[in-house]
Ligand SMILES: [Zn+2]
């Protein structure tokens, strides 16, 4: 903090998050031209990691010239309000849909931090008195002014000598693979002419799957020609089983309805809710699930649903073409959009079978906690987990068969059926990650494997070395590497 800005001769990449974990994505590029931060995410899950959210950044926020944001998930954008509050004044470059979704996600995050602090103060839980929020809704709203959208494929200058181009990543709406080009010494601001070409660094962000039901496949590396790749590894070493995931979802819903129970699905508000609604609609059509009400109980999910609907109507470039002429893919029969708290409480009073889709996706907060407190002890009901559950979250505890979980300050017994469907994920699996890397036209000088739990990252790095013979490294927290 506060140290003089170093301007290295060779660009240096620092790994300031998403090392040994799937959260807290933050990568710093130090160049002779200026400093660029790629993603500024929040840590989630294990307490040791969450505590990093409270530490000052290992750089002066005012010294950053520009941020490139790959997508609007909170583990990639959730610390931007702190960055702006603490002195960053440059632009945050992201796709247009990412800007729209961040405008939903970040104020909500600030609001949750305020609620958490208020709750801790009321119960006297905090070691600090009074407990302060990590940041406020007002901080988050202020940070939105820095969002500066760019179109996919449009080259934008971050500082003279450093340029960014975003391409669809197929993970959530607006999600991007980011190409950063850094001119070499003496190349000046123009690039391209004479001497060595720029260094081309590609950040995968979170990489989608070739068959995301709503979005097109991730942009391949052949047109990006990277010298260095920073790739995620959420599902390194693991393989998705798609057909059985849908069958198991349908089976869980049918069994639960037959028992007279309720299906609670904790879902990330952005994208997972939309993908679920799309699948539920198709399962209804094919008669695979009974006709029971489907409630989306999350103001944030409903707001993001509006952005997805707009994207389909506008024909956004990352939306699957075949969706553009069809009926609204997000409206199964019996869809109930719950916006207010009374409607949310009403869902827990009604005894009839139903499906409740509610945030947060790893059951770390949000309205889903109240539904879990109500339905976890009910042996007729079911909890269906439809995404990656990070270590240290309630979702992970449920997936691993916990007999009770701590919710809203008390322990609740788990008697409901718990169904874990990780392959519903919108992250590429092991083979899909390798397939994407294999589209590079020339061997990159290095592949840095990030955004995974240690086994996942190690499995992907080993496979990259074995299959392609490339240098593949799992960087450590705060490790710095020179770029070629
Ligand atoms: Zn993501």
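The values are calculated or read from the model by the stated rules, or taken from the named source; none is laboratory data. In this text the structure is predicted, and so the values were computed from the model without any measurement. With ideal geometry, Cβ positions are generated from the backbone for all residues, glycine too; neighbour counts draw on all protein chains shown.
How many of the residues making up segment 1-26 are closer than 21 Å to residue 455 by Cα and modelled with pLDDT of 95 or more?
Going through segment 1-26 one residue at a time, the tally reaches 4.
Filter segment 415-429 down to the residues that are touching a strand residue (DSSP E or B) at 6+ places or on another chain (Cβ under 6 Å) and more than 16 Å from the ligand (Cβ to nearest atom) and list them by number. If you could, list the steps in order and put the result at the bottom.
Our first condition is that a residue be touching a strand residue (DSSP E or B) at 6+ places or on another chain (Cβ under 6 Å); within segment 415-429, this holds for 416-420, 427, 429.
Passing the criteria: 416, 417, 418, 419, 420.
Which condition from (1) modelled with pLDDT of 95 or more; (2) within 15 Å of the ligand (Cβ to nearest atom) is the one that residue 45 breaks?
(1) is the only condition that residue 45 fails.
Can you name every residue in segment 299-311 that is touching a residue at least 40 places away in the same chain (Cβ under 8 Å) and in contact with a helix residue (DSSP H, G or I) (Cβ under 7 Å, 6 or more places away or on another chain)?
Within segment 299-311, 300, 301, 303, 304, 307, 308, 311 meet the criteria.
Residue-wise test of (1) free of Cβ contacts under 8 Å to residues at least 40 places away in the same chain; (2) crowded, with 20+ Cβ neighbours inside 10 Å; (3) assigned to a helix (DSSP H, G or I); (4) touching a strand residue (DSSP E or B) at 6+ places or on another chain (Cβ under 6 Å).
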position: 37; (1), (2), (3), (4): no, yes, no, yes
position: 101; (1), (2), (3), (4): no, yes, yes, no
position: 118; (1), (2), (3), (4): yes, no, yes, no
position: 122; (1), (2), (3), (4): yes, no, yes, no
position: 134; (1), (2), (3), (4): no, yes, no, no
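Suppose the filter is touching a helix residue (DSSP H, G or I) at 6+ places or on another chain (Cβ under 9 Å), under 23 Å from residue 484 (Cα atoms) and not in a strand (DSSP E or B); does residue 45 pass it?
no
I'm trying to understand the selection: among the residues of segment 250-276, which are surrounded by fewer than 24 Cβ atoms within 10 Å (Cβ to Cβ), at pLDDT 95 or above and out of contact with any helix residue (DSSP H, G or I) (no Cβ under 6 Å at 6 or more places or on another chain)?
The initial filter retains those residues of segment 250-276 that are surrounded by fewer than 24 Cβ atoms within 10 Å (Cβ to Cβ), namely 250-252, 254-255, 257-261, 272.
Still in the running and at pLDDT 95 or above: 250-252, 254-255, 257-261.
Of everything in segment 250-276, those that are surrounded by fewer than 24 Cβ atoms within 10 Å (Cβ to Cβ), at pLDDT 95 or above and out of contact with any helix residue (DSSP H, G or I) (no Cβ under 6 Å at 6 or more places or on another chain) turn out to be 251, 252, 254, 255, 257, 258, 259, 260, 261.
Looking at 221, 249, which is the one that is within 26 Å of the chain's Cα centre (by Cα), within 23 Å of residue 178 (Cα to Cα) and touching a residue at least 60 places away in the same chain (Cβ under 8 Å)?
Numbers: 249 fails: within 23 Å of residue 178 (Cα to Cα).
Within the list 221, 249, the selection yields 221.
Being more than 18 Å from residue 199 (Cβ to Cβ) and surrounded by fewer than 24 Cβ atoms within 10 Å (Cβ to Cβ) is the filter here, so list the residues in segment 438-449 that pass it. Walk me through it before giving the result.
Step one: of segment 438-449, the residues more than 18 Å from residue 199 (Cβ to Cβ) are 438-439, 449.
Listed by number, the residues that qualify are 438, 439.
Condition check ((1) under 30 Å from residue 8 (Cα atoms); (2) part of a strand (DSSP E or B)) across all residues:
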| site | (1), (2) |
| --- | --- |
| 434 | no, no |
| 442 | yes, no |
| 449 | yes, yes |
| 465 | yes, no |
| 477 | yes, no |
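Go through segment 460-484 residue by residue and tally those that are touching a residue at least 60 places away in the same chain (Cβ under 8 Å) and surrounded by fewer than 18 Cβ atoms within 10 Å (Cβ to Cβ).
Matching residues across segment 460-484 total 8.
Condition test on residue 83, is it touching a helix residue (DSSP H, G or I) at 6+ places or on another chain (Cβ under 8 Å), in a helix (DSSP H, G or I) and within 16 Å of the ligand (Cβ to nearest atom)?
Working: touching a helix residue (DSSP H, G or I) at 6+ places or on another chain (Cβ under 8 Å): yes; in a helix (DSSP H, G or I): yes; within 16 Å of the ligand (Cβ to nearest atom): no.
Answer is no for this residue.
Pick from segment 56-78 the residues that are assigned to a helix (DSSP H, G or I) and within 11 Å of the ligand (Cβ to nearest atom): which of them is nearest to residue 43 (Cα to Cα)?
Among them, the one singled out is 75.
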